[in-house]
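Every number here is computed from the coordinates shown, using simple stated rules; none is lab data. What you see is a predicted model, and the numbers here were worked out from it, not measured in a lab. Every residue, glycine as well, gets a Cβ built from its backbone with ideal geometry; the counts of neighbours run over all protein chains shown.
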Amino acid sequence: MQDPKTIQTLKANPNDSAHRVAIARAVHQLLDEPRVLDDPLSLSLLGSELGKAVSADPFAYNDSSARSMRAGIVARSLLSEDTLNAAVARGVSQVVSLGAGLDTYALRYGASMPHVNLYEVDQPAMLKLKQDRVAQAGLTIPAKMQFVAVDLTRPSWLEVLSGAGLDCTQPVAISWMGVSPYLTPEQVCNVLESVAGLPPGSIIVFDYRVATNLLNPIEQSIVAVSERIFAAMGEPWLSQFHPATLVEGLQGMGFAQVDNNDTTSLNQRYFHRRKDGLQIAGGGFNYIVALR
């Protein structure tokens, strides 16, 4: 979680959440040793002015709360990319990033997987900003990468993707990170039910807020402060789930395998015995990989 000063800095930029994530990924490249997520494009997608500021003083984004948030973003990115790459390795040829923001997965991997159709899904303004930043940075958009404007609050989102070329009769690998907290529980379940209707072999990896009453008092205090900050930024958190209930719900939808990952397991997997102490602090979020 970031302190109010850092949040205020980000408010000057369009789409605060997207920039917050991109800054964390960029600072990981600049400060953390050893680096566990290689994302050389993250800095360039911040835009010239913000990119220069972050590069000149990455320590401005390195207070204890920012380090914990950065660890969470790095870990969820690694889990997402590991999941997508494993799906492609077993033959899935369609990859979708729901709420792609300024993520660089498709830009980094597209050239090495020319047989895979890549779809980046977000709101129109975010997609326009992303494409402008890509052009400004002189980056090449992979031939099979598409930007698709979709409203995830509407049940027709998958139909829109299908209209853009997604073959819903074939397996799909989906990353859906940093989005579900901003949707209502019903909207989250609608998205997951749509994915559950895809063919066997499809897979989704996503994060979600853990029900506040399951957190310890310190974590509850952190969440309360964060909720107020995000609400003031115009990005209120609207959903939270009990892990066991969500896993049971996914199984009921038809997912054959559901793996719920808490912060302890991700710290163990990606940040074990680091000298710099990079860790996710608190259990406010969990991360699920669900296979059809």
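Just a few scattered comments:
- Ranked LEU107, LEU102, criterion: other C-beta atoms within 10 Å, fewest first: LEU107, LEU102
- Pairs of Lys residues in the chain that lie 8 or more places apart, or on two chains, and have C-alpha atoms under 27 angstrom apart add up to 9.
- Considering only alpha-carbon pairs that sit under 8 angstrom and 6 or more positions apart, the relative contact order computed for the chain is 19 percent.
- Distance between modelled label sites at ASP16 and VAL160, nm, 7 Å Cα→Cβ extension: 2.3
- Theoretical gain in end-to-end length, THR212 to ALA231 [0.36 nm per residue, Cα-Cα removed]: 5.2 nm
- Rounded to the nearest 20 debye, the dipole magnitude of the stretch 68-291 is 660 debye, with +1 charges on Lys and Arg beta carbons, -1 on Asp and Glu beta carbons, and the Cα centre as origin.
- A Förster distance of 22 Å, applied to the separation of the beta-carbon atoms of ALA135 and SER55, puts the FRET efficiency at 0.65.
- Potential lengthening between LEU78 and GLU186 on full extension [0.36 nm per residue; Cα-Cα distance subtracted]: 36.1 nm
- Histogram of C-alpha separations across the chain, 10 Å bin width, %: 6, 29, 38, 23, 4, 0
- Fewest-first sequence of TRP176, TRP237 by Cβ atoms within 10 Å of each Cβ: TRP237, TRP176
- Close amide H contacts of VAL148 (hydrogens built in the peptide plane, cut-off under 5 Å, sequence separation of 5 or more or a different chain): GLU120, VAL121, ASP122.
- The calculated FRET efficiency for the pair SER221 and HIS272, based on their C-beta separation and a Förster distance of 25 Å, comes to about 0.35.
- Of the trypsin sites (Lys or Arg not before Pro) found in the stretch 20-68, those that fall in a DSSP loop while having at most 15 other beta-carbon atoms within 10 Å are ARG35.
- Summary of the geometry: the stretch 128-166 and the stretch 182-214, compared by the centres of their Cα atoms, lie 20 Å apart.
- Ranking SER48, SER68, HIS115 by Cα position along the charge dipole of the chain, where only Lys, Arg, Asp and Glu carry charges on their C-beta atoms, puts SER48 farthest toward the positive end.
- Over the chain, dividing the summed -39,500 (n - 2.57) contributions of all DSSP H runs of at least 4 residues by the number of residues returns a 222 nm mean residue ellipticity of -14000 deg cm²/dmol.
- The length gained on full extension between THR264 and ASP63, counted as 0.36 nm times the residue separation minus their Cα-Cα distance, comes to 70.3 nm.
- Whole-Å distance, taken between Cα centres, linking the stretch 59-85 and the stretch 33-49: 12
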